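**Student:** After the structure tokens below, expect a handful of questions from me.
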Amino acid sequence: MFGFLKEPVVVTAEINVNLVALTVVGLISRLWGLCYPRAVVFDEVYYGQFVSLYMKRIFFVDDSGPPFGHMLLALGGYLGGFDGNFLWNRIGAEYTTNVPVWSLRLLPALAGALCVPLAYQILIELHFSHCAALGAALLILLENSLITQSRFMLLESVLIFFILLSVLSYLKFYNLQRHSSFSGSWWFWLLLTGVACSCAVGVKYMGLFTYMLLLAIAGLHFWHMIGDQNLSNVSLLCHFLARGLALLIIPMVMYLSFFYVHLALLYRSGPHDQIMTSAFQASLEGGLARITQGQPLEVAYGSQITLRNVLGKPMQCWLHSHTNTYPIRYENGRGSSHQQQVTCYPFKDVNNWWIVKDPGMQQLVVSNPPRPVRHGHIVQLVHGITTRYLNTHDVAAPLSPHSQEVSCYIDYNISMPAQNLWRVEIVNRESDTDVWKTILSEVRFVHVNTSAVLKAIVFPFQLSGASLPEWGYRQLEVVGEKLSKGYHQSMVWNVEEHRYGKSQEQKEREVELHSPTQMDISKNLSFMAKFTELQWKILTLKNEDTEHKYSSSALDWITMDTNIAYWLHPTSGAQIHLLGNVVTWASANAAALVYTCLSLWYLIRRRRKIYDIPEDAWQLWVSAGGVCAGGWAVNYLPFFLMEKTLFLYHYLPALTFQILLIPIVLQHLGDHLCRSVLLKSMFSALIVAWLSSVYFVYCTFSPVTYGQPALSVTELKDLRWKDSWNILIRKQ
């Protein structure tokens with residue numbers, strides 16, 4: 001029974017020494033001296049703020065992309081025991097002892113190091129020689145810009161890692177297609193492709209470019225499968241469903257999961273949540289939730305409410321009034337109604353309170369039982385402190401003369417009767433009988449007499465979005481806008497604070513307006529509601545782009561006419577720059593040019609039925625170009641269409657694909673153009689000389705890649721190979 005124990009258990013394994021060696025040297029190049037400098041380096045000042053907020057569980061919005069990359073950086077901080085207490089206010093600030101610098105920089109460095117063996121494996125899976133694969137890995141290893149970007153708390157190395165992993169996974173899956181369809185390894189690599197693509201997109205939206213490329217390649221491969229008569233319809237359907245699951249469904253689910261974890265971690269209120277809706281803010285611990293906890297859910301006649309404009313940008317504001325009136329005449333000579341001013345005020349104030357009144361009754365308190373206000377009901381809005389009614393009429397607004405003035409009505413005994421009836425329209429209603437709800441309902445107020453809609457002028461790009469003059473205390477303008485001019489979020493309001501009014505007497509009511517509410521009704525949003533709102537904010541919230549000292553255009557990247565100074569030692573000449581290996585960048589450009597020209601030449605010749613290379617070599621050339629040249633194009637060309645501040649590091653994903661193209665072109669030239677032994681020997685000697693020059697440039701610029709050793713003024717001047725490079729030299 002136990003006869004198998006008589007023989008020793010033997011496990012055999014194949015070890016690719018090249019792969020192991022490349023991994024080791026990759027780790028050494030990225031991890032060596034990782035804690036140096038122990039100071040904030042360039043965009044660490046940006047990402048570090050988010051890491052601190054994660055440590056403190058404080059909600060934030062970053063318009064640069066999804067949260068997965070930020071969470072990976074925060075994971076490093078968590079593993080290092082970071083408490084989040086550091087002021088990320090300037091580049092070069094020395095880290096305090098509580099900041100685990102090595103741990104925070106570890107994950108980007110590991111990602112950058114693993115890009116070296118990934119490059120090797122991609123060339124192998126593209127069916128190129130081990131020499132070509134080794135060359136690709138060495139070029140990635142010795143690329144100064146990739147080293148610099150991976151040694152700090154930045155996201156580009158993480159993005160490139162997931163991009164290369166997704167490409168490698170798909171190539172392995174595709175190569176298993178003919179012989180091992182639906183095997184365990186086939187499923188593993190297919191599923192890993194989808195996971196890696198979703199991670200790339202989750203780090204930065206730039207990952208979408210490679211994801212779209214792989215979807216196109218997968219679609220093309222499946223199109224070829226449809227023409228394979230050996231595959232049955234059932235088999236084709238199974239292949240289609242497998243690809244749909246792995247390349248579409250799983251990335252979508254994972255993308256949602258990034259936000260789920262993000263929102264689960266950041267449950268506390270902070271400064272960034274002010275741009276979110278009241279419902280979102282109320283779901284966070286502290287902040288608005290402390291104010292709104294216990295409010296009545298349904299707005300009723302007699303309710304005391306504050307109305308927040310839904311748009312929330314450039315700043316949040318609440319419907320507001322005060323005792324001051326519009327001037328009889330404006331500066332331009334136009335007249336006004338001289339009624340009580342109504343504005344949108346960006347701060348919480350007792351003058352933001354309004355009472356919802358039934359036009360058919362005089363009482364300003366909630367009846368028992370309360371009578372809820374529903375969609376389509378007519379109401380009057382009474383200002384809580386001054387008891388005047390919200391009103392609009394055919395008088396031009398102060399800053400927007402094509403819109404109606406909104407005021408609180410004062411009876412001057414002249415021929416201007418009150419027009420203070422408003423119809424409540426719930427924009428996000430599920431039915432026409434919906435009840436107006438606190439925080440949850442988004443409503444428009446349509447003026448009964450003129451059909452004008454209550455609107456706050458809060459657009460940063462409109463001339464009419466300017467604040468009111470001194471007489472209006474620089475508050476934002478509120479107008480009545482005709483419905484015919486279209487719908488906009490600035491016309492929509494929601495009830496933020498709410499209580500049921502109990503005091504009919506004005507003095508008692510003023511005391512009541514300052515008192516907290518007592519009822520307890522939960523208003524938690526679902527995850528999908530939070531995700532939808534947060535995703536929309538990320539896509540639409542754009543910080544004002546300003547010219548940066550080190551910003552550049554996409555054209556500058558090709559020839560590396562720009563650099564970025566990441567860090568400068570406060571006393572010595574030690575400094576760190578984002579600068580690439582000049583030989584590698586020039587070679588990458590040459591490889592792309594040669595590939596393009598040769599491809600056009602082959603296509604024209606093949607059209608004439610002239611086949612310069614064998615069919616299998618042609619297919620290899622096309623497939624490798626689709627991945628590498630296509631990867632460079634999709635990660636580079638879109639930047640010409642972007643209206644944002646660009647930096648040299650945006651080019652690094654495209655550069656990585658372009659570097660992979662170099663050994664592909666070199667092997668092709670050696671195999672098919674160097675026909676004689678002499679030419680092959682000369683070509684090999686040139687490659688050795690060229691690789692030596694790559695290593696020489698790497699060593700030359702390593703002091704500004706690693707920040708040490710410190711260089712003298714003369715040595716720094718010698719590194720300025722281009723006049724456009726900004727090498728920092730201290731004045732003596």
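**Student:** Please name which of L247, Y412, I28 has its Cα lying farthest along the dipole of the chain towards the positive end, using unit charges on Cβ (Lys, Arg +1; Asp, Glu -1) and the Cα centre as origin.
**Tutor:** The listed residue farthest towards the positive side: I28.
**Student:** How large is the charge dipole for the chain, taken about the Cα centre, if only the Cβ atoms of Lys, Arg (+1) and Asp, Glu (-1) carry charge, to the nearest 20 debye?
**Tutor:** That gives the chain a dipole magnitude of about 600 debye.
**Student:** Per residue of region 617-624, in order, report the coupling 6.51 cos²θ - 1.76 cosθ + 1.60 (Karplus, θ = phi - 60°) as ³J(HN,Hα) in whole Hz, putting x for Gly and Pro.
**Tutor:** These are the phi-based 3J(HN,Hα) values: 5, 5, 5, 5, 4, 5, 5, 5 Hz.
**Student:** Still on this model: May I ask you to derive the relative contact order of region 550-684, considering only C-alpha pairs under 8 Å and at least 6 residues apart, and to give it as an integer percent?
**Tutor:** Rounded, it is 31 percent for region 550-684.
**Student:** Where nothing but the Cβ of Lys and Arg (+1) and of Asp and Glu (-1) is charged, how large is the charge dipole of region 110-248 around its Cα centre, in debye to the nearest 20?
**Tutor:** 120
**Student:** If one takes the longest principal axis of the Cα atoms in the chain, at what angle in degrees, from 0 to 90 and to the nearest 10, does the Cα axis of helix 527-540 lie?
**Tutor:** With both axes taken from Cα atoms, the answer is about 80 degrees.
**Student:** Moving on. Roughly how much of K56 is accessible, in Å² to the nearest 10, using a 1.4 Å probe?
**Tutor:** Accessible surface of K56 is approximately 80 Å².
**Student:** From the list (i) 27.1, 86; (ii) 32.8, 113; (iii) 67.4, 209, can you say which value of Rg and Dmax of the Cα atoms in Å was derived from the structure given?
**Tutor:** (ii)
**Student:** In whole Hz, what ³J(HN,Hα) sequence does region 38-43 give by Karplus (6.51, -1.76, 1.60; θ = phi - 60°), x for Gly and Pro?
**Tutor:** Taking θ as phi minus 60°, the curve returns 7, 8, 5, 10, 6, 6 Hz for region 38-43.
**Student:** Something else now. Give the angle, between 0 and 90 degrees and rounded to the nearest 10, that separates the Cα long axis of helix 101-125 from the longest principal axis of the Cα atoms of the chain.
**Tutor:** 50
**Student:** Under 17 Å Cα-Cα from K717, which aspartates and glutamates qualify once same-chain neighbours fewer than 8 residues away are excluded?
**Tutor:** Answer for K717, where 17 Å is the Cα cut-off: D561, listed by chain and number.
**Student:** Which of the peptides 162-170, 608-616 is most tightly packed, and how do the rest follow, going by the mean number of other Cβ atoms within 10 Å of each residue?
**Tutor:** The most tightly packed comes first, giving 162-170, 608-616.
**Student:** Between W690 and A21, what is the FRET efficiency for a Förster distance of 25 Å, r being their Cβ-Cβ separation, to the nearest 0.05?
**Tutor:** After rounding, the FRET efficiency stands at 0.75.
**Student:** Just the number, please: percent antiparallel of the DSSP beta bridges in the chain, rounded to the nearest 5.
**Tutor:** Close to 95 percent.
**Student:** Take each of the peptides 683-691, 263-271, average the number of other beta-carbon atoms within 10 Å over its residues, and list them starting from the highest.
**Tutor:** Ranked from most to least packed, the peptides come out as 263-271, 683-691.
**Student:** Here is a follow-up. I'd like to compare 525-535, 317-327, 228-238: which one has the highest average count of other Cβ atoms within 10 Å, and what's the full order after that?
**Tutor:** 317-327, 525-535, 228-238
**Student:** I'd like the isolated cysteines in the chain, meaning no second cysteine's beta-carbon lies under 4.7 angstrom from theirs.
**Tutor:** C35, C115, C131, C197, C199, C238, C408, C597, C628, C674, C699
**Student:** If R0 is 35 Å, what FRET efficiency do you get for V261 and L87 from their C-beta distance, rounded to 0.05?
**Tutor:** Efficiency computed from Cβ-Cβ geometry: 0.85.
**Student:** Determine the per residue accessible area of the chain with all protein chains present and a 1.4 angstrom probe, expressed in square angstrom.
**Tutor:** Result: 46 Å² of accessible area for each residue.
**Student:** For the residue pair W618 and F182, what label-to-label distance in nm results when each label sits 7 Å from Cα along the Cα-to-beta-carbon direction?
**Tutor:** The modelled label-to-label distance comes out at 3.4 nm.
**Student:** So, in nm, how far is label Y46 from label I610 when the simple model puts each one 7 Å beyond its Cα toward the Cβ?
**Tutor:** Placing both labels 7 Å along Cα→Cβ, they lie 5.1 nm apart.
**Student:** Of G286, W318, S303, which is farthest on the positive side of the dipole of region 267-356, counting Cα position, with +1 on Lys and Arg Cβ, -1 on Asp and Glu Cβ, and the Cα centre as origin?
**Tutor:** W318
**Student:** With unit charges on the beta carbons (Lys and Arg positive, Asp and Glu negative) and the dipole taken about the Cα centre of the chain, which residue among N589, V116, Q340 sits farthest to the positive side?
**Tutor:** N589
**Student:** On the accessible surface of region 296-516, probed at 1.4 Å, how many percent belong to carbon and sulfur atoms?
**Tutor:** Taking all protein chains in place, region 296-516 shows 52 percent carbon and sulfur surface.
**Student:** Can you work out the Karplus-derived ³J(HN,Hα) for every residue in region 630-636? Use 6.51 cos²θ - 1.76 cosθ + 1.60 with θ = phi - 60°, whole Hz, and x for glycine or proline.
**Tutor:** Each residue of region 630-636 in turn: x, x, 5, 5, 6, 8, 10 Hz.
**Student:** What size of dipole, in debye to the nearest 20, comes out for region 296-516 about its Cα centre when the only charges are +1 on Lys and Arg C-beta atoms and -1 on Asp and Glu C-beta atoms?
**Tutor:** The calculation lands at about 160 debye.
**Student:** Let me ask you something else. Applying 1/(1 + (r/R0)^6) with R0 = 45 Å to the Cβ-Cβ distance of D432 and E470, what FRET efficiency is obtained, to the nearest 0.05?
**Tutor:** In this case the efficiency is close to 0.50.
The values are calculated or read from the model by the stated rules, or taken from the named source; none is laboratory data. These numbers were taken from a predicted model, which means no experiment stands behind them. Every residue, glycine as well, gets a Cβ built from its backbone with ideal geometry; the counts of neighbours run over all protein chains shown. Areas reflect the complete protein model, heavy atoms only, side chains present, ligands, DNA and RNA absent. Shrake-Rupley method; radii C 1.70, N 1.55, O 1.52, S 1.80 Å.
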